[in-house]
Amino acid sequence: MALVVFVGSLIGVMALGMPIAFALLVSGVALMFYLDIFDTQI
């Protein structure tokens, strides 16, 4: 399910027109929220 969250958010954000580098950042943050390992020190 984590792969679906990552790839789904990546494709969704890229479909909105965001550059790939920022889309990877947003999908990484979405995955960290999903896995409940979000740490602000990262």
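Some points to look at:
- For the chain, radius of gyration divided by Kirkwood radius, i.e. Rg to Rh on alpha-carbons: 0.99
- Average accessible surface area per residue within the chain, 1.4 Å rolling probe, Å²: 77 Å²
- With all protein chains in place and a 1.4 Å probe, the accessible surface of the chain carries 76 percent carbon and sulfur.
- Spin-label zone in segment 1-25 - amide nitrogen under 19 Å from a point set 7 Å from the Cα of D36 along the C-beta vector: 1-6
- Spin-label pair V29/M14, simplified geometry with 7 Å Cα→Cβ offset, distance in nm: 1.9 nm
- Rounded to the nearest 10 Å², the accessible area of F22 at probe 1.4 Å: 120 Å²
The values are calculated or read from the model by the stated rules, or taken from the named source; none is laboratory data. In this text the structure is predicted, and so the values were computed from the model without any measurement. Heads up, the Cβs are rebuilt from the backbone with ideal geometry, glycines too, and the neighbour counts pull from every protein chain shown. Note: accessible area is taken over every heavy atom of the protein model, side chains too, but ligands, DNA and RNA are not part of it. Shrake-Rupley method; radii C 1.70, N 1.55, O 1.52, S 1.80 Å.
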